[in-house]
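Single-structure report; data block below.
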Amino acid sequence: MNQPTLASLGPAVQTTSLHSLPLIARGKVRDLYAVGADRMLMVASDRLSAFDVVMKAPVPGKGRLLTEMALFWFDLLKHTVPNHLSGEAPESVVAADEVAQVQGRSMLVKRLTPLPCEAVVRGYVVGSGWKEYSKSGTVCGIPMPAGLAMTTPLAQPIFTPATKAAVGDHDENISFAQLEALLGAVRAAEVRDTAIRIYTAARDYAATRGIVIADTKFEFGLDEHGTLTLMDEVLTPDSSRFWLADELAQGRIVALDKQPLRDWLASTGVTGGAEQAALDLPESVILGVHERYARAHRLLCSSPAGAAA
Ligand SMILES: Nc1ncnc2c1ncn2[C@@H]1O[C@H](COP(=O)(O)OP(=O)(O)OP(=O)(O)O)[C@@H](O)[C@H]1O
Ligand SMILES: [Mg+2]
């Protein structure tokens with residue numbers, strides 16, 4: 001098979017511009033448009049962020065892969081947790097000449113009141129958790145057993161909330177007590193228990209597809225009745241660590257997520273800061289991101305016959 005080239009992936013969507021709907025905001029990845037007072041069109045662009053900075057070069061097709069994965073999980077988990085999908089087609093709320101911009105990369109969702117936290121669940125100790133564990137034997141202040149390796153599954157997944165930082169800021173880990181102070185004890189416990197329940201269901205499914213979900217981040221909002229509702233995107237390589245199970249069984253971490261990009265950036269001396277925004281990623285790096293995301297999508301979301309890859 002020929003090596004794919006960037007051109008073979010087709011055009012990328014860096015920024016959308018819909019004239020028929022008011023723009024609410026552009027996130028790092030998604031463009032958000034208001035649909036009346038109570039709904040929102042979330043369009044996933046092909047923008048790529050790392051260390052909370054948007055890269056100059058987009059990854060063609062990434063927004064579609066993310067959207068398909070999130071929709072797949074919302075459906076799989078719909079009996080476990082209510083989600084923000086309105087059930088209507090995104091194409092139905094834009095003008096005819098805008099359909100191409102939104103098709104396959106959008107969700108028409110209920111506009112919720114976001115909870116001011118990120119609900120992180122970890123089944124392994126890696127990333128910032130590993131740094132802390134190496135120093136103090138804790139992860140987000142939670143004492144952990146001695147002698148863990150990054151490849152050791154935790155006996156029970158742990159819930160490690162973070163604040164939802166304002167634009168341009170980094171999310172910060174907080175203790176469960178701080179989450180209780182933010183949300184109230186009852187809501188904090190509900191967020192924790194729900195996040196662990198969804199992670200566990202997703203992890204068990206992914207295991208049947210040869211993928212280990214090492215950790216992930218959920219976002220929740222409240223609907224008009226105060227019901228806790230899963231929102232944003234879920235269980236994508238942007239918000240999760242996906243590892244190949246076969247490799248992990250051999251003691252190796254092979255990631256189908258953003259980590260190889262972070263490692264590559266770190267190897268060039270970039271670990272955060274605005275200078276990254278100007279960074280032009282080489283074609284091979286962009287293709288690598290696409291290949292890993294597409295492989296995660298294929299393994300997790302295709303019919304079992306199509307997943308062998
Ligand atoms: N149903 C919803 N109702 C209200 N807000 C939502 C809903 N779903 C997702 N969001 C918010 O929409 C934004 C999605 O855009 P994107 O993921 O690009 O943002 P981001 O760069 O991660 O920004 P942020 O730093 O605010 O999380 C997020 O701020 C997310 O919290
Ligand atoms: Mg986001």
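S20 to D75: FRET efficiency via 1/(1 + (r/R0)^6), r the Cβ-Cβ distance, R0 25 Å, to the nearest 0.05? The value I calculate is 0.35.
What percent do you get for the relative contact order of the chain when only Cα pairs under 8 Å and 6+ apart count?
Rounded, it is 20 percent for the chain.
The gain in end-to-end length when the E91 to A201 segment is fully stretched comes to 36.5 nm, 0.36 nm per residue minus the alpha carbon separation. Can you list the residues of the range 111-140 with backbone N under 14 Å from a point 7 Å past the Cα of A34, pointing along Cα to Cβ? Within reach of a label on A34: 111-112. The order of the peptides 78-85, 194-201 by mean Cβ neighbours within 10 Å, most packed first, is 194-201, 78-85.
With all projection directions averaged, the alpha carbon convex hull of the chain covers 16.9 nm². By the rule of a C-alpha distance below 17 Å, with chain neighbours fewer than 8 residues away ignored, the lysines paired with K217 are K28, K164, K258.
Rounded to whole Å and ordered largest first, report the semi-axes of the equivalent ellipsoid of the range 114-265 derived from its Cα gyration tensor (root of 5λ). They are 25, 18, 15 Å, listed largest first. Here the Karplus curve 6.51 cos²θ - 1.76 cosθ + 1.60, taken at θ = phi - 60°, turns the phi angles of the range 202-215 into couplings of 5, 4, 5, 5, 4, 4, 6, 10, x, 10, 9, 8, 6, 7 Hz, with x standing for Gly and Pro.
Laboratory data are not the source of any read-out in this text; all were calculated from the coordinates shown. Here the structure is a predicted model, which is why all the values come from computation and not from measurement. Please note: Cβ atoms are built from the backbone with ideal geometry, for glycine as well, and neighbour counts cover all protein chains shown.
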